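A quick write-up on the structure given underneath.
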Amino acid sequence: QPNPHLKQLVSGILIALLVGAYLYFFYLPEQKRISEMQAMIDSTDQVRTEILTLDQEILQNQATLNEGNARFDELNRLFHNKQELEDLYRNISLLALTYELLVAKLEKGKEVPVFSDKPPIDQGEGVPSKKEVAFYKISVRFEFVGDYLSYTNFRRDLAQQKKIINIEREKITVRTGDAEGGDDGVVDISTTLSTYRFPASDADRFITGG
């Protein structure tokens, strides 16, 4: 006699096999795909956040770069290079002659380095570190002889030069006229001017042990 529970047992086995097949072939792969998609979505959000952060950093760096370039352009317009410095001495002498001032003396001073705020560069044990020079300050001493009014006009035109020229020291001595008044109105002027120039090369830009 057939077992009455055999049909139920076979049905149960078939249902279990169908459920297992569904889980193995459909449900689990779908869950894996959903997990991968969710990971991609999460990763996309993270990438988007990183991109936004990078964009902000790029904008900040660009603003800093633009500010630095603007500052450099401004200083470049105001500072001399080496050739312009040589021209400067000649131009000052010519300007003095324009106002009939005699250049009695021209004495070039030393170039004094003005260092940047960057930390010194280590060159190894036993070797002095080197510093970066931002620019050089140059002084030059002039002695003029001439009319005081002419000298004031000379100073006015000197102040209107495109490049920076500072008057560091100035001494004006009025000559005492002789019996015939030959020296009336004539003054002796001793003035020290200063200006600035950028380093001309890498060797000029870095000073060891400065």
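Excluding ligands, DNA and RNA, what is the solvent-accessible area per residue of the chain at a probe of 1.4 Å, expressed in Å²?
Accessible surface, normalised per residue, equals 73 Å².
Pairing the Cα long axis of helix 82-98 with the longest principal axis of the chain, what angle in degrees results, from 0 to 90 and rounded to the nearest 10?
For helix 82-98, the angle is close to 30 degrees.
In the chain, carbon and sulfur make up what percent of the accessible area (probe 1.4 Å)? It would help to have the intermediate numbers written out before the result.
Numbers: 8650 of 15350 Å².
Carbon and sulfur together cover 56 percent of it.
Between residue 118 and residue 52, what FRET efficiency comes out of the Förster formula 1/(1 + (r/R0)^6) with R0 = 35 Å and r the beta carbon distance, rounded to 0.05? Mind dumping the intermediate values first?
On the way: r = 31 Å, r/R0 = 0.90.
The formula returns an efficiency of 0.65 here.
How much length, in nm to one decimal, is gained on full extension between residue 40 and residue 65, taken as 0.36 nm per residue of separation minus their Cα-Cα distance? Each step should come with its number before you reach the end.
Details: separation 25, 0.36 × 25 = 9.00 nm, distance 3.59 nm.
This chain segment gains 5.4 nm when fully extended.
Loop-only GluC sites (Glu not before Pro) in region 90-182, please: DSSP not H, G, I, E or B, and at most 13 other Cβ atoms within 10 Å. Please report the intermediate quantities before stating the final value.
On the way: sites: 100, 107, 111, 125, 132, 143, 168, 170, 180; in loops: 100, 125, 180.
Answer in residue order: 100, 125, 180.
Run the 1.4 Å probe and let me know the accessible area of residue 22, rounded to the nearest 10 Å².
120 Å²
Using modelled backbone amide H atoms (1.01 Å from N, in-plane), which distant-in-sequence or interchain residues come within less than 5 Å of residue 109's amide H?
Result for residue 109 returns 139, 140, 141.
The values are calculated or read from the model by the stated rules, or taken from the named source; none is laboratory data. Being a predicted model, the structure only gives us computed values, none of them experimental. Here Cβ is always computed from backbone atoms with ideal geometry, including for glycine, and neighbour counts include all displayed protein chains. Each accessible area value is taken on the protein alone, full model and side chains, heavy atoms only, with ligands, DNA and RNA left out. Shrake-Rupley method; radii C 1.70, N 1.55, O 1.52, S 1.80 Å.
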